[in-house]
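These notes are about the structure you will find just below.
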Amino acid sequence: MHYPSDIQAGRLIGAAVVSRLHAEAAFRTDLEAARAELAASRSKGPAAGCASGS
């Protein structure tokens, strides 16, 4: 069980980490590459043999 202050602290630390990552050019470059890869994968549709909706 977590105290409410544990959850608040986790959110604060998570927000600080994400903010710091977005300040790094290398991270932003990697993030854009990942977004492009995901978009390309989605445009191809589901892979053969994959059940939809599962």
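Readers should treat all values here as calculations from the given coordinates under stated rules, not as data from a laboratory. Quantities reported herein were computed from a predicted structural model and do not represent experimental measurements. In this analysis, Cβ positions are derived from the backbone assuming ideal geometry, glycine residues included, and neighbour counts consider all displayed protein chains.
Odds and ends about this structure:
- Size of charge dipole - the chain - debye, nearest 20, with Cβ of Lys, Arg +1 and Asp, Glu -1, no other charges: 160 debye
- The phi-based Karplus calculation (6.51 cos²θ - 1.76 cosθ + 1.60; θ = phi - 60°) puts the 3J(HN,Hα) values of segment 7-12 at 5, 4, 5, x, 5, 5 Hz, whole numbers, x for Gly and Pro.
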